[in-house]
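Asks: First the structure, which I've put down as structure tokens, then a few questions once you've had a look.
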Amino acid sequence: MRRLRRNAALRDLVADVHVRVDDLVAPLFVREGINEPKPIESLPGVVQHTCQSLRTEVGDLINLGVKAVILFGVPKHKDAQGSGAYDPDGIVQVALRDLRAEFGDSIVLMADLCVDEYTDHGHCGIVDEHGVVDNDETLKIYAKAAIAQASAGAHVVAPSGMMDGQIAAIRGALDQAGFPDVAILAYSAKYASALYGPFRDAVDVSIADGGDRKGYQQDFRTAREAMREVALDIDEGADMVMIKPAMAYLDVITDVAHHVDVPVAAYQVSGEYAMVHAAGERGWIDRDAVALEHLVAIKRAGATIILTYFTRWFAERSMVSPSTSVDRTEEFG
Ligand code: PBG
């Protein structure tokens, strides 16, 4: 077996899997009411942007060859309905209008579609008098948010709330409002994971009364259920489906990739990024080598698209060395 491993050129030649900048989506945070970008301690290198710094960042990413970003908003005021998610002057809608006017179609603008960043109780939906998320009341809010995001210039909306029927509700609303071209990236198999911790710092979300999302996100002991979630979403009109988190769910990515004929995305989430950074900072692992190994693993599992906080880092390194194959790991050390 060692004959084809003898040198880097041979290894490059026979590599099955390559990660390209084109495959990556940069998650970006924009916060209302700040004058300076604000670092997020648990996500090294990631900040809460002002509209201005967001524009600069997206311009840089375009120059680096990145093809897509996904926006998350941090509003000044939160309320029970999460009205900032559908207010035309909500922070993500303002940012979308700005970016679309500046950059047009030169980068894909995606918007995370959920209300957890905008609700004072931190849930991904409207809660009833018992504190339980009301599925169908929430769908009405998601429909409004989708129209607000599409009107503001989103090319893709990405519902992440795990309500039943959310894709049908959003597709219907978009079509009816005159946005048949706006695509849906469905967070289809989104697990109730402990790996979202740093993200909740990034968007200043804590769930009321020590609550959790186990009543709507998938239990991580289930595998086959992911196939049902994906099938329902495709049936309801999802253009792309997503599995989230990524590294601990490679089996699910592979299963889904084998069964569907739409692009499969995987979200390498905040906790995955933070762990690699933290161990790298301690000198316990080689951060860049592990980051590359993880991205390749996610592709190898079957993902077409990867949402990752490593996007800018990866794109910058790809400028230096255009080949980003698995066998070039040593060049990134
Ligand atoms: C919900 C949402 C979450 C993430 C993306 N969209 C948080 C959650 O479900 O609690 C997590 C992303 C990450 O951890 O990087 N709007």
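The values are calculated or read from the model by the stated rules, or taken from the named source; none is laboratory data. Since the model is a prediction, treat every value here as computed from it, not as a measurement. FYI the Cβ positions are ideal-geometry reconstructions off the backbone, even for glycines, and counts take in every protein chain you see. Heads up: the accessible areas ignore ligands, DNA and RNA and are worked out on the full protein's heavy atoms, side chains in. Shrake-Rupley method; radii C 1.70, N 1.55, O 1.52, S 1.80 Å.
Asks: Is it true that Asp201 is part of a loop (DSSP other than H, G, I, E, B), over 27 Å from His259 (Cα atoms), out of contact with any Pro (no Cβ under 8 Å at 6 or more places or on another chain) and within 13 Å of the ligand (Cβ to nearest atom)? Please lay out each step first, then the result.
Replies: On the way: part of a loop (DSSP other than H, G, I, E, B): no; over 27 Å from His259 (Cα atoms): yes; out of contact with any Pro (no Cβ under 8 Å at 6 or more places or on another chain): yes; within 13 Å of the ligand (Cβ to nearest atom): yes.
No; evaluated as a whole, the condition is false for this residue.
Asks: Hey, could you check segment 119-141 for residues that are closer than 23 Å to Asp201 by Cα and open to solvent by less than 10 Å² (accessible area, probe 1.4 Å) and say which is nearest to the ligand (Cβ to nearest atom)?
Replies: Residue satisfying both the conditions and the ranking: Cys124.
Asks: Here's a follow-up. Do we find that Leu71 is within 19 Å of Ala143 (Cα to Cα) and within 14 Å of the ligand (Cβ to nearest atom) in this structure? I'd like the intermediate steps shown before the answer.
Replies: Values: within 19 Å of Ala143 (Cα to Cα): yes; within 14 Å of the ligand (Cβ to nearest atom): yes.
When the stated conditions are applied, Leu71 passes them.
Asks: Quick one: in segment 12-58, of everything that is touching a residue at least 24 places away in the same chain (Cβ under 8 Å) and basic (Lys, Arg), which residue is farthest from Ala315 (Cα to Cα)?
Replies: Residue satisfying both the conditions and the ranking: Arg31.
Asks: Now for a separate question. Can you tell me which of Ala146, Ala154 is closer than 18 Å to Phe29 by Cβ and within 16 Å of the ligand (Cβ to nearest atom)?
Replies: Of the residues listed, the single one that is closer than 18 Å to Phe29 by Cβ and within 16 Å of the ligand (Cβ to nearest atom) is Ala154.
Asks: Could I ask something else about it? Within the set of pairs 6 or more residues apart or between chains, which connect a residue that is aliphatic (A, V, I, L, M) inside segment 304-320 to a residue that is more than 16 Å from the ligand (Cβ to nearest atom) and assigned to a strand (DSSP E or B) with Cβ atoms less than 9 Å apart?
Replies: Note: pairs meeting the criteria are Ile305/Val264.
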